[in-house]
Each structure stands twice: as C-alpha cells, then as structure tokens.
Amino acid sequence: MENFIKISTDFSPTPGARYRTDGPFSGQEFYEKILQKKFKDSLRSGLKLEIDLDGTFGFATSFLSEAFNRLAMEFGSAIVWDHVKIISNEEPYLIDEIREYIYDAEATH
Amino acid sequence: MTQKRHIRFSHVFSFSIGAIVSTVCNNWTYFKFNEEINIDDLFTAVIGGAIGLYIGSKLTSKVSSDRVEKDLIIGKITSIKAKMEELTSIVETGSYQLATATKLIKYCRQSATLLKNMIEVCCGDEEIIAGNLDKITKALNRINPIVTGGLAVNGILNIDVIAIGNYNTFNKIIEDNSLLLIINVNRL
C-alpha cells in the first residue's frame, strides 16, 4: 500500500535504539530509509501516512523519539501530526507518546 | 475430574445418611408422626424449601464467579510481578540486550492496560484499587525511558548506577502497589 508502513514487516520486528551507531534497526535508520520518503510521498498525494506499530517485540523510547522528532523537525509538528495516522492496537498508549515526541520537536527548536 | 467425583460421592453419602436417619426416626417409638398430611403445610414446606435452595444456589454461584474474576486479576498482577523481576535481574547487571528489555516492558505495560479494563469491569469504581493500578502504570511509564532510552552498542545497552537507582525507586513502587492491589482485590 502506498501510504502505509507496518514497522514489523517493512522494517524490523525488533526495532533498535536511537542512532545507527547504537546497533541495527535504529530510529535513525528507520527515519532515513523509510519514514522520511513515505511521509514526503504522503504530503504530495495529500493522503495521511498510516504507521502500524503492532507486531514488533516492543519499542525503545529512543527509537520512537529519534524517528518522530526528526520528522517533526524537518516538516513541522502540526503538519506531521495532521498527516500521520498511528495504529497501535497492542500498545495504545504509544500514540500519545509519539504525539509528545512530535510536539517536543517544536518546543525545543 | 477428581472434584466432580468428590461432589458425586458427597451427594451419595448425604443421601445415604438422610435415608438412615429417616428410617431410624420412623421405627423409633420416641417419634410419633401424625399420618394425616395437611396439603397447605406440605405446599408451604415444599415452596419454602424450593426458595431456600434457589437462594442458596444463586449465592453459591455469585461467590464462585466473583472468585474466578479475582483469581484472573490476581493472576495478571502476578505475571507483571514475574516479568518485572526478570527485568530487574538484567537491569541490575548494568549491561543487557535492548530487545530483551523492550520485550519485557511491552509485556508489562500491555498487561497493566488489560488489568485496568479488567478492574473496571469486575470492580467498578473502587478508588483504592484504581489508585494502586494508577501508581503501577505511572511507574512503568517512568521505567520505560530509563531502561530503553539510553545509548546502545551493537544492541547492548549500558546504564549507569544513577539510572539503576532510579529504576529501583520506580520498581519499588510497582512491587508495593502490586502487593496492595492483590490484598485490596481479595478483600472485595
């Protein structure tokens, strides 16, 4: 699907830490390989980017913080939040945490 | 299976005792029964007995279903405690696989969410119980960045003594409130 990312299958079922230097499947790697490009495509098409978090072994806070904070720093918090739809049936509380990472980017810059 | 056999045995045993007592009473001259049966009294006795049995069975069934719900809740709390002990054992080494920590934290946070739903359904607005669970959930939220937020090397995360100390502070809150939660659920 064009505007859809399922992290467990499109990236890894075991997402890692923040930076590439931290080890495999980092938040930085996810951002640079998948998230940034898919988000640009979504903005062009005018559709929301659906990001499915289910099916992984769990997320490190550093992974989510790096990926979504960088996305918000590049495109702006409000634009990012308006153009993504986070799916997290297994861990619904992650949706609020990601929202915080996105808006933290605006507060810190 | 054994329990069913036990119940069947106790029914047969009770019936046998009842039959023996009735026979003894009938034959013993001390008891003199009036052989005329008053239909009204018999009717009242039968209805009274039936109502008694109905109320008894309803109460037993309620107590038994409450017990099942309490056991489910306590089982969930116990499983969170077990996973937290596992997490503590790896965190205290100061160096561990990030994937192991994220997996354990995910289990605990998911279980706490499920526990919240279970408690809402089974215990309603019990403020003390909700308060215990809220403290556990908040402590888990604070533990998450401590054990998964640091820098890693090849997927191995190293945390310092201060971080371990912070972890232990929140872990103590989880331990204490888990215990209180079990006691409070049992008291309902």
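General observations
- B:Glu85/B:Ile17 FRET efficiency (R0 41 Å; Cβ-Cβ; nearest 0.05): 0.25
- Within segment B:66-166, the proportion of C-alpha pairs whose separation exceeds 25 Å stands at 27%.
- Close amide H contacts of B:Val153 (hydrogens built in the peptide plane, cut-off under 5 Å, sequence separation of 5 or more or a different chain): B:Asn158.
- Divide the volume of the convex hull around the Cα atoms of segment A:24-109 by the residue count and you get 89 Å³ per residue.
- Report summary: the helix-based calculation at 222 nm, which adds -39500 (n - 2.57) for every DSSP H run with n ≥ 4 and divides by the residues of chain A, gives -14000 deg cm²/dmol.
- Across segment B:126-134, computed HN-Hα scalar couplings (Karplus, 6.51 cos²θ - 1.76 cosθ + 1.60, θ = phi - 60°) run 7, 4, 5, 5, 4, x, 4, 5, 4 Hz from first to last residue, x flagging Gly and Pro.
- Point-to-point label distance, B:Ile128-B:Ser65, nm (Cα→Cβ direction, 7 Å offset): 2.5 nm
- Each residue, A:Leu43 and B:Asn158, gets one label point 7 Å from its Cα in the Cβ direction; the gap between the two is 3.9 nm.
- In degrees, nearest ten, helix B:39-91 long axis to first principal axis of chain B (Cα): 20 degrees
- Sequence-distant residues sharing a close amide H with A:Ile87 (under 5 Å, placed H): A:Ile51, A:Asp52, A:Leu53
- In a reduced charge model with +1 at each Lys and Arg Cβ and -1 at each Asp and Glu Cβ, the protein assembly as shown shows a dipole moment near 620 debye about its Cα centre.
- Per-residue ³J(HN,Hα) for segment B:182-188, Karplus 6.51 cos²θ - 1.76 cosθ + 1.60, θ = phi - 60°, Hz, x for Gly and Pro: 4, 4, 5, 5, 5, 6, 4
- J(HN,Hα) series, segment A:93-104, from Karplus relation 6.51 cos²θ - 1.76 cosθ + 1.60, nearest Hz, glycine and proline x: 5, 5, 4, 5, 5, 5, 4, 5, 4, 5, 7, 4
- Compared with the dominant Cα axis of chain B, that is its longest principal axis, helix B:2-27 is turned about 20°.
- Across B:Lys76/B:Lys106; A:Lys40/A:Lys85; B:Lys70/B:Lys106; A:Lys6/A:Lys37; B:Lys76/B:Lys138; A:Lys37/B:Lys103, pairs whose alpha-carbon gap is larger than 19 Å: B:Lys70/B:Lys106; A:Lys37/B:Lys103
- Leading residue at positive end of dipole, the protein assembly as shown (Cβ point charges), from B:Gly124, B:Val12, B:Leu114: B:Val12
- Spin-label pair A:Ile34-B:Ile39: with each label point 7 Å from Cα along the Cα-Cβ axis, the two points sit 8.2 nm from one another.
- Between helix B:98-123 and chain B: long-axis angle, C-alpha atoms, 0 to 90°, nearest 10: 30 degrees
Bear in mind that the values in this text are calculations on the coordinates, not laboratory data. Computed from a prediction, not measured in an experiment: that's the story for all the values here. As a convention, Cβ positions derive from the backbone with ideal geometry for all residues, glycine included, and neighbour counts pool all protein chains shown.
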